[in-house]
1. Examine segment A:163-170 for a residue that is surrounded by fewer than 20 Cβ atoms within 10 Å (Cβ to Cβ), farther than 18 Å from A:N45 by Cβ and either away from chain B (no Cβ under 14 Å) or touching a residue at least 60 places away in the same chain (Cβ under 8 Å) (or both), and state whether such a residue exists.
2. Among the residues in segment A:143-151, are any in contact with a helix residue (DSSP H, G or I) (Cβ under 7 Å, 6 or more places away or on another chain), within 21 Å of A:W111 (Cβ to Cβ) and hydroxyl-bearing (S, T, Y)?
3. With respect to A:I169, determine if the residue is assigned by TED's automatic domain parsing to the domain that holds A:M67 and part of a strand (DSSP E or B).
4. Right, B:T52: part of a helix (DSSP H, G or I) and over 30 Å from A:L318 (Cβ atoms) or not?
5. Of all residues in segment B:95-121, how many are within 10 Å of chain A (Cβ to nearest Cβ), in contact (Cβ under 8 Å) with a residue 40 or more places away in the chain and in contact with a Phe, Trp or Tyr (Cβ under 6 Å, 6 or more places away or on another chain)?
6. All but one of (1) among the β-branched types (V, I, T); (2) assigned to a helix (DSSP H, G or I); (3) over 27 Å from B:E130 (Cβ atoms) hold for B:I71, so report the exception by its number.
7. Kindly establish whether B:L316 is surrounded by 15 or more Cβ atoms within 10 Å (Cβ to Cβ) and under 17 Å from B:T144 (Cβ atoms).
8. Inspect all residues belonging to segment A:42-51 and state whether any of them is closer than 27 Å to A:I336 by Cα, modelled with pLDDT of 95 or more and under 17 Å from the mean Cα position of the chain (by Cα).
2 protein chains.
Amino acid sequence: MKKDKLLMTPGPTNVPYGVREAMSRPMIHHRTDDFGLYFSCLNKNLKKVFQTDNPVLTLASSGTGGMEASIVNCFSPGDKVLVANTGVFGDRFVKIATAYGLDVVTMDIPWGKGVNGKDIEEILDSEEGEDVKGVLVTHNETSTGVTNDIQSIGEVLKERDCLFIIDAISSLGGMDVKTDEWGIDIVVAGSQKALMLPPGLAFVSVSDKAWKAIEKSTFPKFYFDFLAYKRSLEKNTTPYTPAVSLVIAASQSLNMIVEEGLDNIFARHKNLGEACRKAIKSIGLELFAQEDMASDLITSIKAPEGIDIEKVRKILNLKYDIMIAGGQQHLKGKIIRIGHMGYVDGFDLIKTLSALERALLEVGYKLELGTSLTAAQNILKY
Amino acid sequence: MKKDKLLMTPGPTNVPYGVREAMSRPMIHHRTDDFGLYFSCLNKNLKKVFQTDNPVLTLASSGTGGMEASIVNCFSPGDKVLVANTGVFGDRFVKIATAYGLDVVTMDIPWGKGVNGKDIEEILDSEEGEDVKGVLVTHNETSTGVTNDIQSIGEVLKERDCLFIIDAISSLGGMDVKTDEWGIDIVVAGSQKALMLPPGLAFVSVSDKAWKAIEKSTFPKFYFDFLAYKRSLEKNTTPYTPAVSLVIAASQSLNMIVEEGLDNIFARHKNLGEACRKAIKSIGLELFAQEDMASDLITSIKAPEGIDIEKVRKILNLKYDIMIAGGQQHLKGKIIRIGHMGYVDGFDLIKTLSALERALLEVGYKLELGTSLTAAQNILKY
């Protein structure tokens, strides 16, 4: 029997039926009250989920478009920025900033480790850190399974004349991001992660401090010009045709998120993360990420000596219809990654562990069947 | 009774149920063979619909993103371009090119008129036209209801060292665009017009000549970097997460288009255009667009003296659940526009005319009921 794929990946993630059904409704025009109702409801809920009083912009683009937009709107050629490079997505900030001719100071963190406020402060207080106009950090680095300590970095940056920009593409809606309280100027989120939507939308919150910087930016821009989105948002619309079906889907999924309640959602993900890590360790596997900074949305696991971990992944996908992720770049074949973000509960995790145990046995790894299930079962509350 | 909206607008347009259903399927991951099948099928059909042997890139953005991408990939700061400004969307080319510091020569065509090869040749042969590196033309200018003569412009440009870029956002898939034969270097299409899809995707074909220019372009870019899309396309994927549900929908709608056959589709739209114009004139209304360049995808109609045409539009929308478009910018209240592109047949047009007659009567316009229906009925073949 071929079942619908269970996506235990760091995006795209599973999309609830109610959200998919909303996308399948007859098309409506975007310059109408009907669309306006969806859009204003979405915008109201985006503020709640971003925990901000500032406007949240909706772009028809992938998360990478949102990252680039943040850079071209906030800075000007030659501006110095500090990037905490903790993996593939930290590196993407480096690549975009470099492509635009920014003066990029890169903190090259070993993959699997995270950064906190002290690490950032050290650089900012050094000669290298002089005149840094922006600090760019990935919140939840899915390539390694690490969550950087955004709150402590926010505290360090509050007193400084420097913008704080975070890639919360995979974290927003799954873990706590107190945008205003933590002093984050730009938060970029993507639709296809914890927000339980298909890919195709990026959401960006912009602080007052960031708006002031944006007005001074000299980079040319048009499609990604935040000021155009701000002006349109005041009239409850977008400057260019919005991705109507995705916006309607988003209004639906954000409703579900607000209904479940942010605290409940964060607790669910925390519980899933803990259960997954315990379960993985119970069968003798090692975690890849520094454990005190391990992500609650994705668990990275080292391939055991002599085990073809890519084959394990293939068995999960082709035999059991469960998608998990492999390692990226130099980690290919060295780790696997189990996503547990968005529309995922404990039973999905149990199912995944059940398949993982069977697949590991199949490739010759020794374990006692049920061990990881029992470990998870003793922790799971959701 | 409230019926599903019939979208007789220049985008978003009606989306067939089969395409909407495809979007509502359980999410799949984009780095899989399952997705690869959809994507390669889409790419094969895009080449057919673009009538090109060159690769067609798929961007997660609105059509405006595709227009901007074409400019930042093909040119460098200070390059001279010629834009045929025939309405809102010609003007958008001017605005983007100006934002990027290009030297923009603008042909300001009176709204409602079109351009052909001779008009372009005249400018290129004048002093103003020296060293023009690109000519940018809107194919189907939806704001005025005019179709510019792309074929004759292509003939003029074939012998010149200059790129030919067209915005075919609303026309592609509805009227003939012989990309290779007519020598068009960049064709930008949008998903939400004749291609029968929701908004959120732009498609861009790129000629060999354009690729050579792209390699020399010095504009910074990342998300819209065509070279990255080209490299990924060779591996049947995209550089950043694609809008999975929209790509699956597109593979479905392009299948429908190829199955109907381009010639049949062009004939259908030609017939709808002719029937609509004849019907409109039969009740004494005047066309806004120059008739020998009137679009077969959208009909623009002057508001009769003393008639509140915005009220007519409102009646169609709220009483009869049919959306038509009004005038943009200085044409607001002066014209209405009936779109007949994409998933539209003669019966949809008949229904629209039936509602239009009733609404016109309601606001005090004199007509004999059934006149425009009979006029259309005598022409319609689809």
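The values are calculated or read from the model by the stated rules, or taken from the named source; none is laboratory data. This one's a predicted model, so the numbers in the text were calculated from it and none came from an experiment. Please note: Cβ atoms are built from the backbone with ideal geometry, for glycine as well, and neighbour counts cover all protein chains shown.
1. No.
2. Checked against the condition, which is being in contact with a helix residue (DSSP H, G or I) (Cβ under 7 Å, 6 or more places away or on another chain), within 21 Å of A:W111 (Cβ to Cβ) and hydroxyl-bearing (S, T, Y), segment A:143-151 yields at least one hit.
3. Values: assigned by TED's automatic domain parsing to the domain that holds A:M67: yes; part of a strand (DSSP E or B): no.
For A:I169, the condition - assigned by TED's automatic domain parsing to the domain that holds A:M67 and part of a strand (DSSP E or B) - is not met.
4. Working: part of a helix (DSSP H, G or I): no; over 30 Å from A:L318 (Cβ atoms): yes.
Judged against the criteria, B:T52 is not a match.
5. Looking only at segment B:95-121, we keep the residues that are within 10 Å of chain A (Cβ to nearest Cβ), and these are B:95-102.
Narrowing further to those that are in contact (Cβ under 8 Å) with a residue 40 or more places away in the chain: B:100.
Applying the additional criterion that residues be in contact with a Phe, Trp or Tyr (Cβ under 6 Å, 6 or more places away or on another chain) yields none.
Adding up the residues that qualify gives 0.
6. For B:I71, the failing item is (3).
7. Working: surrounded by 15 or more Cβ atoms within 10 Å (Cβ to Cβ): yes; under 17 Å from B:T144 (Cβ atoms): no.
No: the conditions fail for B:L316.
8. Taking segment A:42-51 and keeping what is closer than 27 Å to A:I336 by Cα, we get none.
No: segment A:42-51 contains no residue that is closer than 27 Å to A:I336 by Cα, modelled with pLDDT of 95 or more and under 17 Å from the mean Cα position of the chain (by Cα).
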